[in-house]
Amino acid sequence: MNKRILISGASIAGPTLAFWLARYGFQPTVVERAPRLRAGGNGVDVRDQAIEVVERMGIMPQIRAAGADVVGMAFLDGTGRSRARMDLQGTGDEVEIMRGDLARILYEATGGDIEYIFGDSIQSLEQDADGVRVTFERGENRRFDLVIGADGIHSTVRRLVFGPESRFLKYMEHYVAFAEADPALGENRWVTAYNEPGRMAGVYRSGNHTGAKANFIFHRAEPLDYDYRDAEQHKRLLRAAFADMSWQVPELLAGAMADPDLYFDSLAQVRMPSWSAGRVALVGDAAYCASPVSGCGARLGLIGAYRLAGELAAAGGDHHLAFQRYEEDFRKAVERMQQVGPNLRLMVPKSAVGVRLRNGVARSRILDSLAGMERITRPKTADPLPDYQYRSGAA
Ligand SMILES: Cc1cc2nc3c(=O)[nH]c(=O)nc-3n(C[C@H](O)[C@H](O)[C@H](O)COP(=O)(O)OP(=O)(O)OC[C@H]3O[C@@H](n4cnc5c(N)ncnc54)[C@H](O)[C@@H]3O)c2cc1C
């Protein structure tokens with residue numbers, strides 16, 4: 001049996017995968033490039049099959065307790081006056097949670113049993129018939145039976161094994177940033193947002209959290225040339241894109257500049273013809289990022305990790321069979337989740353007329369009805385979620 005499994009990335013997919021692999025008797029090790037768990041990010045959705053995954057992990061009470069209680073989104077004008085409001089309340093069977101809180105809960109659920117290495121990264125991978133020889137940027141070389149990349153949209157494992165990311169990233173003509181914000185700049189239980197053509201700045205303020213998050217999106221037809229790991233460059237790009245914007249944007253920018261966990265990236269999706277090669281496979285954003293505007297990233301990470309671990313258990317560690325089944329069963333659902341619809345156009349209209357039109361539509365409550373309809377007709381991730389514990393005979 002392929003027991004020793006190295007997972008690259010400790011965010012959502014990585015710790016979920018580690019949890020289930022350990023439950024099935026494998027020995028996962030998780031390596032995370034950051035020196036500690038990354039706390040950044042806005043609210044993310046846990047819903048449909050992802051709810052079942054976290055319930056089976058026994059962490060639903062913690063997730064509900066940490067859940068955000070935002071009720072809607074208000075579109076403001078430059079003086080801060082509300083021009084339109086949109087209901088964002090779900091059906092009650094889903095939870096919105098700050099990404100950092102979800103990562104922490106998942107990490108704590110694996111605490112004790114699993115080896116975590118922070119502040120390091122895989123440098124090279126060499127596969128042979130019996131395993132994978134891994135060199136690290138800092139630590140000693142080691143051998144593992146399998147390696148899984150859960151290291152996000154700019155996955156190192158994907159680059160080392162499948163090739164440069166330009167082959168797999170589908171750029172969506174926008175950049176996004178999330179950062180800490182002064183809660184006084186937001187409105188209790190609302191996302192407040194101000195648009196100018198091609199850009200949006202907003203505040204996400206949950207009523208049961210002491211802090212708040214600033215979010216920024218701006219349009220760029222062509223990708224910017226920058227280093228996605230250079231935080232100082234991120235700050236410069238963000239400042240340049242928003243420096244002349246009114247409302248409370250100067251204050252939000254100042255908060256973002258001071259935030260060591262500022263998250264800045266292009267909006268992009270990952271599309272790959274295959275998620276595995278030999279003894280290496282990918283999970284979550286590394287394999288099939290749907291982008292933050294899809295609202296599906298956390299869900300795909302949770303479900304994908306659950307399925308990958310389950311298939312390995314069900315196949316008795318036979319990675320050929322397991323990787324094939326993981327992909328066969330999950331690919332169609334992923335493709336559906338990657339269809340983001342009009343979200344981006346509604347959030348970031350490209351003209352002043354577009355902004356007025358969107359506000360008019362939001363005032364008429366059409367968006368509420370559309371959001372309600374979308375909640376009812378939203379494609380399910382797959383049906384039903386397999387019960388691998390039963391199939392694998394694990395405890
Ligand atoms: C800081 C942060 C904030 C985010 N905020 C939002 C948000 O507000 N809204 C939203 O929809 N999505 C957000 N995302 C993306 C979201 O977490 C994912 O879409 C989804 O949850 C799937 O998660 P994942 O674990 O596959 O990938 P990710 O969450 O992207 O995590 C990848 C992890 O791998 C680590 N990593 C990267 N390279 C290496 C390497 N070479 N070696 C080891 N580790 C590595 C990263 O530091 C990170 O911890 C954010 C991601 C991060 C990292």
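Values quoted throughout were computed directly from the atomic coordinates according to the rules given, and no laboratory measurement underlies them. On a predicted model such as this, the values are computed, not experimentally measured, just so you know. All Cβ positions, even for glycine, are placed from backbone atoms using ideal geometry, and neighbour counts span all protein chains on display.
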Exercise for review: Quick one: which residues, 5 or more positions from Leu88 or on another chain, have an amide H under 5 Å from its amide H? H modelled 1.01 Å from N in the peptide plane, none for Pro or chain starts.
Suggested key: Gly72, Met73
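Set the Förster radius R0 to 22 Å, insert the Cβ-Cβ distance between Arg81 and Asn343 as r into 1/(1 + (r/R0)^6), and round the FRET efficiency to 0.05.
On the way: r = 24 Å, r/R0 = 1.11.
Once the sixth-power term is evaluated, E becomes 0.35.
Suppose only helical runs count, i.e. DSSP H with n ≥ 4. What mean residue ellipticity at 222 nm does that imply for the chain under -39500 (n - 2.57) per run, divided by all residues and rounded to the nearest 500 deg cm²/dmol?
On the way: 14 runs with 143 residues, N = 395.
Helices in the chain give a 222 nm mean residue ellipticity of -10500 deg cm²/dmol.
So between Ser351 and Arg271, what do we pick up on full extension, going 0.36 nm a residue minus the alpha carbon distance?
Details: separation 80, 0.36 × 80 = 28.80 nm, distance 2.99 nm.
In short, 25.8 nm is gained.
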Exercise for review: Among DSSP beta bridges whose residues both lie in the chain, state the antiparallel percentage, nearest 5.
Suggested key: 70 percent
Exercise for review: Neighbouring Cβ atoms within 10 Å as the yardstick, rank Lys332, Lys235, Lys213 fewest first.
Suggested key: Lys332, Lys235, Lys213
Exercise for review: Set the Förster distance to 25 Å, then compute FRET efficiency between Val71 and Phe118 from the Cβ-Cβ distance, nearest 0.05.
Suggested key: 0.10
Practice item. Just need the relative contact order of the chain here, percent rounded to a whole number, with Cα pairs under 8 Å and 6+ apart. Key: 22 percent
Exercise for review: Express the relative contact order of the range 142-269 as a whole percentage, based on alpha carbon pairs under 8 Å and six or more residues apart in sequence.
Suggested key: 31 percent
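For the range 248-355, what relative contact order do you get, as a whole percent, if you take Cα pairs closer than 8 Å and at least 6 residues apart? Don't skip to the end; give the middle numbers.
On the way: 86 pairs, mean separation 23.8, N = 108.
Across the range 248-355, relative contact order equals 22 percent.
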Check your understanding: So what's the angle, to the nearest 10 degrees on a 0 to 90 scale, between helix 366-377 and the longest Cα principal axis of the chain?
Key -> 20 degrees
Review point. Going highest first, how would you order 337-346, 34-43 by mean Cβ packing within 10 Å?
Key: 34-43, 337-346
Practice item. Among Pro15, Leu125, Val44, pick out the residue whose Cα is farthest towards the positive end of the charge dipole of the chain, where Lys and Arg carry +1 and Asp and Glu carry -1 on C-beta, about the Cα centre. Key: Val44
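Determine the dipole magnitude for the chain: charges of +1 sit on the beta-carbon of Lys and Arg, -1 on that of Asp and Glu, nothing else is charged, the reference point is the Cα centre, and the result goes in debye to the nearest 20.
Values: 49 positive and 50 negative charges, 167 e Å.
With Lys and Arg at +1 and Asp and Glu at -1, about 800 debye.
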Revision key, fill the gap. Checking rank on 151-160, 264-273, with mean other Cβ inside 10 Å and highest first, the result is 151-160, 264-273
Review point. How many nm is it between the label spots at Glu126 and Met1, if each spot is 7 Å from the Cα in line with the beta carbon?
Key: 2.9 nm
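For the ranges 13-22, 321-330, what's the packing order if you count other beta-carbon atoms within 10 Å of each residue, average per peptide, and put the highest first? Show your work: numbers first, answer last.
On the way: 13-22: 28.2, 321-330: 18.7.
Ranked from most to least packed, the peptides come out as 13-22, 321-330.
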Point to revise | Thr210 paired with Leu88, simple spin-label distance in nm, labels 7 Å along Cα-to-beta-carbon | key: 2.3 nm
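Between Ala34 and Asn141, how high is the FRET efficiency from 1/(1 + (r/R0)^6) when r is the Cβ-Cβ distance and R₀ = 25 Å? Nearest 0.05. Display every interim value, and only then the final one.
On the way: r = 22 Å, r/R0 = 0.87.
With a Förster radius of 25 Å, E is 0.70.
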